[in-house]
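K.L.:
Here's a structure for you.
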C-alpha cells in the first residue's frame, strides 16, 4: 500500500509548484502507518506519548483557529468591501475590464454584482472602466485601494 501511494504521489513531490493540498490525502495513510508502528512496539509509554502529542496538537490547532480564521475572513472581507465600493463608484452597465490577476477575487465579486463575467482589457478593447494593479497609467485614476501589499487601481477611460 505504501509503495502504491509513493508511486502515485511522486509527481506531486517532484513538481516545482506543488501545493500542500496534494499532501492532505496522505494523512490517512500516514495515520495507518504510525498506528501500526505504535501498536507493534507494544510499549504503553509510546502509546501515551503519541496520544498526548496528538491531543496537544488538536487543542493548539483549535485555539489557533479562533485567531487565524477571523483574520483570514477579515482579509477576504476587505476584498469584498473593495468590490462593493467599486460597484458604487462606477456605472455597472458599462464595459468593465480587469487586468489584476493577483487580486482576481475583487473582480469575481464584481462579476456577481454585475451579473456578467469580467474579462481582461485584451478581450474588451473598448472598456469604460479598468481594474488594474500594474504601475503604468491606463486612464483617469478614480481610486486606489491598498490590499496589504497590492495596490489595486480603478481607472476610467480618458476621452
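K.L.:
Given the Cα-Cα distance of residue 7 and residue 38 and 0.36 nm per residue of separation, how much length would full extension add, in nm?
P.N.:
The residue 7-residue 38 span can extend by a further 8.7 nm.
K.L.:
While we're on this one: Counting other beta carbons within 10 Å of each residue's own, what order do 123, 148 fall into, fewest first?
P.N.:
Going from sparsest to densest Cβ surroundings: 148, 123.
K.L.:
Using a Gaussian network model of the chain with C-alpha springs under 10 Å, which one of 30, 38, 86 is most mobile by mean-square fluctuation?
P.N.:
Most flexible of the set in this elastic network: 30.
K.L.:
To the nearest 10 degrees, how steep is helix 44-89 against the longest Cα principal axis of the chain, on a 0 to 90 scale?
P.N.:
That helix lies at roughly 10 degrees to the long axis.
K.L.:
Also, quick follow-up: With 10 angstrom as the radius, rank 100, 107 by how many other C-beta atoms surround their C-beta, starting from the fewest.
P.N.:
With the sparsest Cβ surroundings first, the list reads 100, 107.
K.L.:
Tell me, what are the semi-axes, in whole angstrom and largest first, of the equivalent ellipsoid of region 77-156 as set by the roots of 5 times the Cα gyration tensor eigenvalues?
P.N.:
Output for region 77-156: semi-axes of 16, 15, 11 Å.
K.L.:
What's the exposure ranking of 103, 159, going from fewest to most Cβ atoms within 10 Å?
P.N.:
On the way: 103 20, 159 5.
Ascending number of Cβ neighbours within 10 Å: 159, 103.
K.L.:
Angle check, please: helix 2-14 long axis (alpha carbons) against the longest principal axis of the chain (alpha carbons), in degrees 0 to 90, nearest 10.
P.N.:
30
K.L.:
Among 35, 83, 117, whose mean-square fluctuation peaks in a Gaussian network model of the chain (Cα, cutoff 10 Å)?
P.N.:
With Cα springs under 10 Å in the chain, the top fluctuation among 35, 83, 117 is at 35.
K.L.:
Rounded to the nearest 500, what is the 222 nm mean residue ellipticity of the chain from helices alone, with -39500 (n - 2.57) per DSSP H run of 4+ residues and division by all residues?
P.N.:
Calculated at 222 nm, the ellipticity per residue is -18500 deg cm²/dmol.
K.L.:
Angle, helix 104-114 long axis vs. longest principal axis of the chain, Cα atoms, 0 to 90°, nearest 10?
P.N.:
Helix 104-114 sits at roughly 60 degrees to that axis.
K.L.:
Follow-up question, since we're still on this one. Once the convex hull of the alpha carbons of the chain is built, what does its volume come to per residue, in cubic angstrom? Present the calculation step by step, with values, prior to reporting the outcome.
P.N.:
On the way: hull volume 27.2 nm³, N = 159.
It comes to 171 Å³ per residue, whole-number rounded.
K.L.:
Here's a follow-up. Want the number for residue 87 to residue 122: 0.36 nm per residue separation, take away the alpha-carbon distance, what's left?
P.N.:
Stretched out fully, the residue 87 to residue 122 stretch lengthens by 10.4 nm.
K.L.:
Right, another one. Name the residue, out of 119, 43, 138, whose mean-square fluctuation peaks in a Gaussian network model built on the chain with Cα pairs under 10 Å.
P.N.:
Highest fluctuation among the options: 43.
Read-outs: derived from the displayed coordinates by stated rules, not from any lab. Computed from a prediction, not measured in an experiment: that's the story for all the values here. A quick note on method: Cβ atoms are made from the backbone with ideal geometry, for glycine too, and the neighbour counts reach across all protein chains shown.
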